[in-house]
1. How much mean residue ellipticity at 222 nm does the chain get from its helices, if each DSSP H run of length 4 or more adds -39500 (n - 2.57) and you divide by all residues, to the nearest 500 deg cm²/dmol?
2. So if I restrict to the alpha-carbon atoms in segment 2-79, what is the Rg, and what is Dmax, the biggest pairwise distance, in Å?
3. How high is the relative contact order of segment 86-155, in percent, counting Cα pairs under 8 Å that sit 6 or more residues apart?
4. With r as the distance between the Cβ atoms of residue 8 and residue 130 and R0 = 35 Å, compute the FRET efficiency 1/(1 + (r/R0)^6) and round to 0.05.
5. Give me 6, 152 sorted ascending by neighbouring Cβ count inside 10 Å, so fewest comes first.
6. Over segment 37-157, what is the relative contact order in whole percent, taking alpha-carbon pairs under 8 Å and six or more residues apart?
7. Along its principal axes, what span do the Cα atoms of the chain show, with the longest given first and each in whole Å?
8. In nm, to one decimal, how far is the modelled label at residue 20 from the one at residue 52, with both set 7 Å along Cα→Cβ?
């Protein structure tokens, strides 16, 4: 029994190390883009470039904040699990609203984002904040890792 606990702790440490490595990489990417945008602005601060790079700075700063918030949420969950805030939602209304900002992002990359939610689904009771976080991350990754002109499908059954 002691050996099993030791193995479980070792596995937990390996998973935590892997997570920290991934998180460090994800935190570094927006900062690298922010620094690059600042350098480009310093080189030739034309009105057009200023506007374009300010948008990059804002988007990457927002992404950095999201990543930090996710890490803080994870840390809070590990130390103080919180009860789920359950509410009843209809996926037919909720999913398209969640996916709408990603439609714009996908179009900007010439990607197709197809959202399919059948009209016959019953309302569900969920922690909508947690579901939103999971689906937002899923759609973020889909947009990020799908090739330009690629197809992304979010289908609910």
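Readers should treat all values here as calculations from the given coordinates under stated rules, not as data from a laboratory. All values reported here derive from a predicted model rather than from experimental measurement. Here the Cβ positions follow ideal geometry from the backbone for every residue, glycine too, while neighbour counts run over all protein chains shown.
1. It lands at -25500 deg cm²/dmol.
2. When restricted to the Cα atoms of segment 2-79, Rg and Dmax are 18.8, 66 Å.
3. Dividing the mean separation by the residue count of segment 86-155 yields 48 percent.
4. Rounded to the nearest 0.05, the efficiency is 0.85.
5. So the ranking, lowest neighbour count to highest, is 6, 152.
6. 27 percent
7. 65, 47, 28
8. Going from the residue 20 label point to the residue 52 one covers 4.0 nm.
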